[in-house]
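The values are calculated or read from the model by the stated rules, or taken from the named source; none is laboratory data. Please read all numbers here as calculations on a predicted model, not as lab measurements. Side chains included, ligands, DNA and RNA excluded: accessible areas come from the protein's heavy atoms. Shrake-Rupley method; radii C 1.70, N 1.55, O 1.52, S 1.80 Å.
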Amino acid sequence: MAVVKRAADALRLFTPGPLSTSRSVRAAMDLDLGSRTPTFAALTRELRAELEAIAECGADFTVVPVQGSGMFAIEAMLSTLVGTDDHVLVVENGVYSRRMADICRIHRIRHTILALAHDEAANLAEVERCLVERGPFSHLAAVHFETGLGVRNDLDGLIAVARRQRCKLMLDAISSFGALPIDFTSGVIAAAAVSANKCLHGVPGVSFVIAARAELASPGPARTLSLDLRAQWRDLEHTGEWRFTPPIQVLLALRQAIREYRADGGRAMRYRRYEQLADRLVDGLTRLGIHAVIDARWRAPMIATFAFPPGCAVEMTELHAHLARRGLIIYPSKLGSSSFRIGCMGEICAGDVDDLLAALGEIVAHGTATEAAPAPGTRPS
Ligand SMILES: *Cc1c(COP(=O)(O)O)cnc(C)c1O
């Protein structure tokens with residue numbers, strides 16, 4: 001096997017963020033700009049317009065930037081746009097939707113948690129029954145693609161349920177925006193949180209809320225100073241300036257990342273690229289006896305959870321060290337000891353997937369050879 005020697009700055013990140021970024025995206029950061037200059041105001045305007053175009057959200061929505069990673073946008077969205085008399089149903093089917101519930105609890109936002117299985121898409125019948133029986137609810141809060149295990153919720157189904165039950169949808173679209181379609185014209189989505197550092201391949205440090213203008217224009221309580229989306233929006237509209245120091249270099253990188261996203265063919269092609277990498281990955285892993293944990297119905301190519309075959313004892317710290325020596329970074333799974341996650345987001349290519357498969361092949365061969373007690377039924381008879 002050809003061992004690829006990579007420079008320390010050329011790690012391949014098969015992770016859910018931060019991701020591998022292109023050299024040109026990182027090079028775009030090599031510039032200082034004053035934040036109160038016309039040049040920077042134009043950059044902000046351009047990025048907001050680009051994100052609106054990618055979202056295909058129409059003129060009823062606008063994009064408000066938030067300094068920080070994806071969670072900052074989610075917290076800004078919920079803490080600003082849910083009113084004191086509102087009641088949110090949080091559809092909890094993974095670690096990220098649990099965080100939406102945490103945000104509600106911390107900000108004393110009235111909410112109910114519908115706790116569902118984490119290894120499958122949210123059951124829409126249960127969501128609807130809960131809305132009917134435990135309501136009335138003003139909002140439904142849900143995650144589009146639960147990155148913790150790699151579970152894709154049926155967004156169109158959630159939209160249909162929310163419409164029938166007259167709820168507004170607050171969406172965590174952090175790991176789907178830019179790759180999966182989101183129907184902003186449905187009239188049901190009040191706001192969605194998105195990030196520079198997932199499917200758009202920017203560097204981490206800025207996130208955005210795509211919000212209905214009517215939501216931003218309506219009065220509401222400010223629960224925090226720095227995450228107050230309405231104040232951020234008002235200042236941007238009136239002065240063109242951010243209230244607090246913007247992440248200038250991160251925004252310059254995002255502009256370059258969006259240029260590359262467009263040059264690559266936009267959302268459909270970004271999805272196709274992930275799909276091709278994920279297919280190659282799943283084929284190779286299947287040959288090694290490593291299987292995807294989540295049913296194919298609910299998977300999406302951005303990231304998936306895999307497990308070693310029964311009887312293949314692999315020490316996880318050894319696995320991560322073995323891969324890291326080859327410049328390959330994967331994350332453990334949220335499921336437990338013998339599983340792990342592999343993502344296809346970011347600037348990785350088929351050759352990188354092949355390198356990862358080769359390195360995992362070595363581990364499987366080694367793991368099975370030293371294994372003591374295979375699980376029942378796995379030993380050839
Ligand atoms: C990455 C991600 C987030 C945000 O996490 P950060 O660490 O703040 O970037 C939120 N929701 C989902 C579904 C994600 O994948």
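Side notes on the structure shown:
- Distant-in-sequence amide contacts of K168, defined by a placed amide H-H separation under 5 Å and a gap of 5 or more residues or a different chain, comprise H139, L140.
- V293 contributes an accessible area of around 50 Å² to the protein surface, as traced by a 1.4 Å probe with all chains present.
- Built amide H within the under 5 Å cut-off of H111, gap 5+: V88
- The Cα center of segment 134-163 and the Cα center of segment 333-359 differ in position by 27 Å.
- Separation of alpha-carbon centers, segment 279-327 and segment 207-221, rounded to whole Å: 40 Å
- Helices meeting the span-like rule in the chain (full DSSP H runs, Cα extent of at least 20 Å along the helix axis, mean Kyte-Doolittle score of 0.5 or higher): 350-369.
- For the chain, a Gaussian network of Cα nodes joined below 10 Å ranks V250, V63, V95 by mean-square fluctuation, and the top entry is V95.
- Per-atom-type breakdown for the chain gives carbon and sulfur 52% of the accessible area (1.4 Å probe, protein chains only).
- Residue among G346, G68, G289 with the largest mean-square fluctuation in a Gaussian network model of the chain, springs linking Cα atoms under 10 Å: G289
- Calculated [θ] (222 nm, deg cm²/dmol) that DSSP helices of n ≥ 4 give over the chain, each run adding -39,500 (n - 2.57): -12500 deg cm²/dmol
- Residue-level accessible surface for R105, protein heavy atoms, 1.4 Å, Å²: 140 Å²
- Global geometry of the chain, whether rounded, prolate or oblate, following the gyration tensor of its Cα atoms and the 1.5 cut on a/c: oblate
- Accessible solvent surface per residue of segment 117-249, calculated while the other protein chains remain in place, 1.4 angstrom probe, Å²: 36 Å²
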